Amino acid sequence: MAKGGDGHRSRLRQRFLAAGARAFLDHEIVEMLLAQVVPRGDTKALAYALIAGAGGGAAVRGGARRPGFGQGVGAVLADPLLLQQTGRVAGFGPGMAGHLAAVREAARRLAETGESDQPVLGSWNAVGTYCRRQFRDAPVPALHILLLDYRHRLLVAPLAFAPEEPADAVARATVAAALRHAASGLIVVRLAPPDRLGEHPQDQALARRLRDGGAPVSVLLHDFIVVAGDEFLSLRSMGMLEVAALYDAAEADISHGGLYAGPETRLAALQQAAVQGEAAGLDDAELLALLLRRAVADAARGGLAEALLARFGNLGRVLSAPVDELMHVLANRPEPERPENPELTAVHLGVLGEACQRQLRGQLLTLPPLDNTAALVRYCRAALAYAEVEHLHALFLDGKQRLLWDEVLSRGTVNTAPVHPREIAGRALRLRADAIVLVHNHPTGDPQPSQADIAMTQQIDQACRVVGVEVLDHLVVAESGHVSLAEAGKMPRLLADMTAFPDAAEPVPQVRRRSRVR
């Protein structure tokens, strides 16, 4: 039976799994971060001392007072190397400081705009470019199937089948692989000799098997492409195939390669880089391997870091993934990469992700969010940009536009997050908020607001106005960037002000226009 600190750590992990990260106060998150580098014993007292020494003591002394939520973690992660060098906290060694510096670097990467290293196959041009490069020297005839996630990114190397393999067998193997890799879409690529461009009699039969086999588990066939030399034929674009729509009119940006650093051989070198303040120079695989150093054995750490990045697409998605999904992925890794305790490793990653978000949230407590828009966008991106479904998030502000509390109000599907305006207005009243900033994500990667987004904002604004609460802005965040409806002039009150002006032919009265809140 585990004793002392080990038993306490086990209870913390179980509570993290059962209640989620938001059930933890800041000192508990710091405590779990320290436990990742301290092999044994209770790190609670050290966590308290670090928060107090870093100037975040109000978050501890206030106990459950939620306005300080994130202040303690933010203070500790602001500059852990400097905090260690000052010697203000007894027992806080350079290895601990290096680990926390690596967490801070992960938070920075979590908040920055970026794309996955995997190719995005969201347009005909992107698919064509990928096929030319991937299958240029491939033998023909051949059959390949591409597995895509809901963002239309390629998940793994193309599945290869013999052209003569029965359609039923191909469909079964493909759907099984799609479920194993959490794919939501398929593209079939049949390679034909240069003079044989055209539909094959068996193409329709295979397409029907794939479409019908994938539909019950929400795996959609997007297209069936025939490649013959430098020429391509899309059965979907030719009207020969009824499949789910995939391609947008605009060409999507693509990136090829997916190459990561080779397996690490010297963990000490990575740790020394973090201790010397050089964590920013590590690539994502090295940084993730460094963060996993006590959760995974040396022999498996480098390979597992690369495998997680390849599976999820980038560091941000690894640290934002649900803990239960991480447990499933870790438990099903092949033997050389499988951690000894998948649950411990999944919670380890979950704590890292929560610490990154709190460090970014802590930056919002120094200034009103609308006076610190860069910090606001970084926090919102880290909290929402990597989610697989839409989330509607709200930041509740007081009369001086300082952050009172923020929370997710609604979780939806890939393209919608339903919520009743009455719920938001009621929540604002219960928190005694004077203003709200709305935030929601677009899992597709495109942050441009839709007409439905603007209409929803107008409905929420009308409901909140009735109870004297102002909706200041609505941010739409995605991996590729963000859009502010206030800056774009699409907030309901700004639109109302513009339509209030009479036509030029009419006498122009003295109209006092409301100032736009930024």
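The numbers here are math on the coordinates, done by the rules we state, and not lab data. Nothing here was measured: the structure is a model prediction, and the numbers come from that model. Cβ atoms come from the backbone with ideal geometry, glycine included; neighbour counts cover every protein chain shown.
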Full extension from Gln448 to Glu423: what is 0.36 nm times the residue separation minus their Cα-Cα distance, to one decimal in nm?
-> 6.5 nm
Just flag the trypsin sites (Lys or Arg not before Pro) in segment 126-161 sitting in loop per DSSP whose Cβ has no more than 13 other Cβ atoms within 10 Å.
-> Arg136
Quickly work out the Glu470-to-Arg88 label distance, labels modelled 7 Å from Cα along the C-beta direction, and quote it in nm with one decimal.
-> 3.6
Order by neighbour count: Val170, Val188, fewest other Cβ atoms within 10 Å first, most last.
-> Val170, Val188
Segment 299-329 residues near the modelled Arg180 label - backbone nitrogen below 17 Å, point 7 Å along Cα→Cβ | 307-308, 310-312, 328-329
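Relative to the present Cα-Cα distance, how much length would full extension add between Ala297 and Leu367 at 0.36 nm per residue of separation?
21.0 nm
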Please give the net charge around Pro193, taking every other residue with its beta carbon less than 15 angstrom from that of Pro193, where Lys and Arg add +1 and Asp and Glu add -1.
-> -2
Overall form of segment 367-499 per C-alpha gyration tensor (a/c, 1.5; a/b vs b/c) = rounded
DSSP beta bridges in segment 124-234 [antiparallel fraction, %, rounded to 5] | 65
For segment 337-401, what class follows from the C-alpha gyration tensor (a ≥ b ≥ c being the square roots of its eigenvalues): rounded when a/c is under 1.5, otherwise prolate if a/b is larger than b/c, else oblate?
-> prolate
Expressed in nm to one decimal, what extension gain is obtained for the pair Ser237 and Ala205 from 0.36 nm per residue of sequence separation less their Cα-Cα distance?
-> 9.7 nm
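How would you rank Val120, Val483, going from fewest to most other Cβ atoms within 10 Å of each one's own Cβ?
Val483, Val120
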R0 = 35 Å: FRET efficiency of Asp168 with Glu343, Cβ-based, nearest 0.05?
-> 0.40
Under the 7 Å Cα-to-Cβ spin-label approximation, Trp405 and Arg22 lie apart by a distance in nanometres of 1.0
Residues whose placed amide H lies under 5 Å from that of Ser450, excluding near-sequence neighbours | none
